[in-house]
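Peer 1: Here you go, one structure.
Bear in mind these aren't lab numbers, they're just calculated from the coordinates by the rules spelled out. Predicted model only: the values in this text are computed from it and were never measured. Here Cβ is always computed from backbone atoms with ideal geometry, including for glycine, and neighbour counts include all displayed protein chains.
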Amino acid sequence: ISNVLDTCTIKNGGCDPNAGCSHDNATNAVVCTCKTGYTNTGVAPAVICSDSCSLYNGGCDINAECSHRLEDFDVVCNCRVGFINVGTVNGVNCSDGCYVNNGGCGVNAVCSHDLTTMAIQCTCMTGYTNSGNGTTLVCTDSCKVNNGGCDSSATCSHDSVTFAVVCGCSIGFVRSGCDITAGCIDSCKVKNGGCGENAACAHDNLTNAVVCTCNKGYTNTGFGNSVYCTDSCQVNNGECDSNAACSHDASTNIVVCSCKNGYVNSGTDSVIKCTGMNLKGHHIRMLEDVFELLDACQVNNGGCDSNATCSHDASTNGVVCSCKNGFVNTGCGTTVKCTGIISNLVCFT
């Protein structure tokens with residue numbers, strides 16, 4: 001019976017606790033070999049087995065964490081938070097997660113890292129708004145989400161350089177404040193839309209642009225698109241006849257044309273045409289400060305003799321007195337005196 005004992009059975013053959021003890025096939029000398037997950041850090045011939053993760057991070061990438069597999073304690077390399085493995089099947093090469101597909105943030109997002117944990121953070125770029133749910137980031141053009149925060153009467157657009165949201169009031173509206181998200185109010189409610197005190201402010205039915213229309217009694221004397229309302233009576237006499245006076249109705253302020261003294265309205269309907277009075281063949285009657293022009297033949301037979309008929313000259317409209325049948329003119333000069341034909345009067349001139 002041999003009493004020789006295997007050296008490896010006595011204190012692991014003098015090997016490190018984290019080493020395996022075996023024998024050289026040729027000399028049978030003890031051979032110490034570090035176990036899986038450990039690395040020899042001793043100076044030959046000494047074998048000192050240290051946790052591989054404590055030596056050069058176990059051969060893992062600088063941005064990886066070294067650990068051990070539970071079943072065999074083999075080294076496992078896992079990229080740290082914020083980094084992504086871009087290596088081959090057998091190698092772990094950890095790259096900044098933001099450099100790989102933008103960290104999964106999407107094309108309209110900015111990828112960054114939490115300052116404490118280095119976890120990837122996705123933030124929508126300027127001009128974009130997160131329209132995703134609580135866990136998913138979906139960056140949508142801000143103007144398509146609640147009109148970019150602009151007022152309902154504003155248009156949402158983007159700055160050509162920064163792409164920041166720009167709120168511009170729609171046509172017919174003006175900003176009610178200085179902030180870009182300030183509300184827009186009807187332009188006509190702010191300084192009458194710029195129309196002036198003698199104009200009415202309204203909006204075009206199609207474009208909603210401000211339309212300035214002069215109030216009754218005023219005329220637009222502006223140029224081009226400019227509306228400047230002037231008292232109509234100061235512009236071409238309010239379109240009244242040159243022989244009429246222009247004034248305004250006390251209630252409506254519309255233009256009222258009134259013929260001047262010595263002129264009468266010879267127009268039709270609402271057209272006022274002032275014509276000088278032709279007194280020949282007419283009689284003027286005053287009624288409560290109003291001149292009334294009557295046919296002279298209707299007043300005292302035009303001044304003709306009672307035995308004469310009154311008519312008018314076709315050219316001058318002057319009164320023409322003609323003795324009736326059975327009467328002859330016995331007057332002198334231009335005086336017509338009608339006498340029965342039985343009389344024998346002589347006119348001495």
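Peer 1: If I take R0 = 25 Å and measure r between the Cβ atoms of residue 74 and residue 115 in this structure, what FRET efficiency does the formula 1/(1 + (r/R0)^6) give, to the nearest 0.05?
Peer 2: Details: r = 34 Å, r/R0 = 1.35.
E between residue 74 and residue 115, to the nearest 0.05, is 0.15.
Peer 1: Under the 0.36 nm per residue contour assumption, what length would be gained going from the current alpha-carbon distance of residue 26 and residue 311 to full extension?
Peer 2: Numbers: separation 285, 0.36 × 285 = 102.60 nm, distance 16.85 nm.
Additional length available on full extension: 85.8 nm.
Peer 1: Give me the orientation-averaged projected area of the Cα convex hull of the chain, in nm², one decimal.
Peer 2: It is 39.4 nm².
Peer 1: Grab every C-alpha pair in the stretch 296-349, bin the distances at 5 angstrom width from 0 up to the longest one, and report whole percents.
Peer 2: With 5 Å bins starting at 0, P(r) equals 5, 23, 25, 24, 15, 7, 2.
Peer 1: How would you rank 165, 81, going from fewest to most other Cβ atoms within 10 Å of each one's own Cβ? The partial results should precede the final answer.
Peer 2: Values: 165 22, 81 14.
If I rank by nearby Cβ atoms, fewest first, I get 81, 165.
Peer 1: Among 48, 84, which comes first, then next, by fewest other beta-carbon atoms within 10 Å? Kindly include the intermediate steps, with their values, before the conclusion.
Peer 2: Numbers: 48 16, 84 19.
Least crowded to most crowded, the residues run 48, 84.
Peer 1: Given the stretch 94-165, what whole percent of its Cα pairs are spread farther than 20 Å?
Peer 2: 38 percent
Peer 1: What is the mean projected area of the alpha carbon convex hull for the stretch 100-237, to one decimal in square nanometres? Working shown, then result.
Peer 2: Details: hull surface 50.3 nm².
One quarter of the hull surface, i.e. the mean projection, equals 12.6 nm².
Peer 1: Still on this structure: On a full-extension model of 0.36 nm per residue, what is the gain between residue 171 and residue 213, subtracting their alpha-carbon distance, rounded to one decimal in nm?
Peer 2: 13.4 nm
Peer 1: Oh, and also: Please state, to two decimals, what the Cα-based radius of gyration of the stretch 162-244 comes to when divided by 2.2 N^0.38 Å (N = residues).
Peer 2: In units of the globular-protein estimate, the stretch 162-244 measures up at 1.49.
Peer 1: Find out how many positive minus negative residues lie around residue 131, taking Lys and Arg as positive, Asp and Glu as negative, among other residues whose Cβ is under 10 Å from that of residue 131.
Peer 2: Here the count lands on 0.
Peer 1: Provide 273, 324 in ascending order of the number of other Cβ atoms located within 10 Å of each residue's Cβ, fewest first.
Peer 2: On the way: 273 16, 324 11.
Going from least to most buried by this count: 324, 273.
Peer 1: To the nearest 20 debye, what is the magnitude of the charge dipole of the chain about its Cα centre, counting +1 on the Cβ of each Lys and Arg and -1 on the Cβ of each Asp and Glu?
Peer 2: It works out to roughly 1400 debye.
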